[in-house]
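Trainee: After the structure tokens below, expect a handful of questions from me.
The values are calculated or read from the model by the stated rules, or taken from the named source; none is laboratory data. Note that the structure is predicted; figures quoted are calculated from it, not measured. What goes into the accessible areas is simple: the full protein's heavy atoms, side chains included, and nothing from ligands, DNA or RNA. Shrake-Rupley method; radii C 1.70, N 1.55, O 1.52, S 1.80 Å.
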Amino acid sequence: MRMSMGRMGRHLLGLAVVGLTLATSGAAFAELGQPAPWEWKLQESGSPVMDNIVWFHDFLAVLITVITLFVLALLVIVVVKFNARANPVPSRTTHNTLIEVAWTLVPVLILVGIAVPSFRLLFLELDVPKADLTIKATGKQWYWSYAYPDNGKFEFDSLMAQDKQPRLLGVDNEMVVPVNKVIRVQVTGADVIHAFALPAFGVKIDAIPGRLNETWFKATKTGMYYGQCSELCGKDHAFMPIAIRVVNDQEFASWVDAAKKKYASGGTSTYASAAGPAQ
């Protein structure tokens with residue numbers, strides 16, 4: 001029996017080590033702007049808004065942990081000190097003004113401490129600063145269309161490409177934006193409600209037919225960033241990814257010149273079909 005228990009303990013320890021190693025390696029080798037295997041935390045931030053979201057998340061995690069440990073300590077004290085064996089003659093005290101004031105005032109102070117950074121974060125997300133570039137994103141069943149009204153008013157469709165990596169996130173035509181510029185995204189839907197969501201930028205806003213919503217981001221690092229429609233919108237909801245390529249100013253200017261020619265007539269745009277996402 002001792003041997004079997006020992007082997008079981010070693011197996012459990014081995015599984016714990018393997019799980020911790022996988023989780024750590026998944027986080028260590030995570031690429032910017034996309035999910036990673038065994039990821040247990042938020043995606044690495046790529047914008048000032050996401051920086052604030054990560055800070056607020058970590059702040060709440062610490063606060064919740066402290067409250068949980070405090071309540072656990074109180075429960076342990078009650079169980080140990082005020083059980084029938086240790087305290088055979090219970091106190092008949094019914095009111096304690098100091099305790100009643102404390103358990104009313106302390107939660108209020110905690111909620112105020114949460115509300116102040118929460119409102120500051122909401123204001124940061126919703127107050128769109130002066131934009132360097134405006135892009136209109138239209139959600140359709142089941143792909144996205146992007147228009148650049150500030151750069152020649154061209155428009156193109158972006159469909160999932162099954163031959164690109166990462167799987168279910170690669171597209172044929174990415175949205176391209178310059179780094180360290182305020183990008184205003186005007187979002188709407190052409191048919192049903194969709195949602196434009198980019199985890200690394202801290203962006204998530206509904207795309208509603210007949211309504212124009214606005215959000216913004218400022219990418220602080222070049223690279224590829226991926227998101228998805230996060231509103232159930234039909235049978236191919238899982239196959240309408242969002243891909244944003246962040247480049248420097250020179251690369252963006254070159255891309256705009258090429259895009260004006262490529263999408264000028266609209267004949268090169270790709271459109272969804274009943275057969276499913278385009279290849």
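Trainee: Starting from the residue with the highest accessible area, list H194, H95 in decreasing order, probe 1.4 Å. Don't jump to the answer; show the numbers that get you there.
Mentor: Details: H194 0, H95 135 Å².
Descending order: H95, H194.
Trainee: OK, next. At 1.4 Å probe size, what's the solvent-accessible area of V78? Round to the nearest 10 Å².
Mentor: Around 80 Å² of this residue is reachable by solvent.
Trainee: Ranked by accessible surface with a 1.4 Å probe, highest first, in what order do V246, V116 come?
Mentor: Listed by decreasing accessible area, they come as V116, V246.
Trainee: Mind listing the long-range amide H neighbours of V176? Cut-off is under 5 Å, sequence gap 5 or more, other chains count too, H placed in the peptide plane at 1.01 Å from N.
Mentor: R245
Trainee: Using the Karplus equation 6.51 cos²θ - 1.76 cosθ + 1.60 (θ = phi - 60°), what ³J(HN,Hα) coupling, rounded to whole Hz, does each residue of the range 241-246 give in order, writing x for Gly and Pro?
Mentor: Karplus-based 3J(HN,Hα) across the range 241-246 equals x, 10, 10, 10, 9, 9 Hz.
Trainee: With θ set to phi - 60°, apply the Karplus curve 6.51 cos²θ - 1.76 cosθ + 1.60 along the range 51-62 and write out the HN-Hα couplings as whole Hz, x wherever there is a Gly or Pro.
Mentor: Coupling constants for the range 51-62: 4, 5, 5, 4, 4, 5, 4, 5, 4, 5, 4, 5 Hz.
Trainee: From the phi angles alone, apply the Karplus equation (6.51, -1.76, 1.60; θ = phi - 60°) to the range 210-225 and give each ³J(HN,Hα) in whole Hz, x where the residue is Gly or Pro.
Mentor: x, 9, 10, 9, 10, 8, 7, 8, 9, 6, 9, 9, 6, x, 9, 10
Trainee: What is the set of long-range amide H partners of Q228 at a cut-off below 5 Å, with H atoms built 1.01 Å from backbone N?
Mentor: A197, I242
Trainee: Can you bin every Cα-Cα distance in the range 101-223 into 10 Å intervals starting at zero and give me the percent of pairs per bin, rounded to whole numbers?
Mentor: Using 10 Å bins, I get a P(r) of 12, 34, 30, 12, 8, 4, 0 for the range 101-223.
Trainee: Regarding the range 72-126, what is the average projected area of its C-alpha convex hull, in nm²?
Mentor: For the range 72-126, the mean projected area of the Cα convex hull comes to 5.6 nm².
Trainee: What are the residues whose amide H is under 5 Å from the amide H of G189, where those residues sit 5 or more places off or on another chain and H is modelled from the backbone?
Mentor: Counting only residues 5 or more places away or on other chains, the set is G139, I208, G210, R211.
Trainee: Right, here's the next one. Compute from the Cα atoms of the range 23-122 the Rg and the Dmax, the latter being the longest Cα-Cα distance, and quote both in angstrom.
Mentor: Both quantities, over Cα of the range 23-122: 21.3, 63 Å.
Trainee: Can you give the percent of C-alpha pairs in the range 177-217 whose distance is more than 12 Å? Intermediate results must be reported in sequence, preceding the final value.
Mentor: Working: 480 of 820 pairs.
Value for the range 177-217 (Cα pairs over 12 Å): 59 percent.
Trainee: In this model, which of K140/K235; K140/K261; K181/K261; K221/K262; K153/K262 are farther than 21 Å apart at the alpha-carbon? Walk me through the numbers before you get to the answer.
Mentor: Values: K140/K235 12 Å; K140/K261 24 Å; K181/K261 24 Å; K221/K262 27 Å; K153/K262 12 Å.
Table pairs above 21 Å Cα-Cα are K140/K261; K181/K261; K221/K262.
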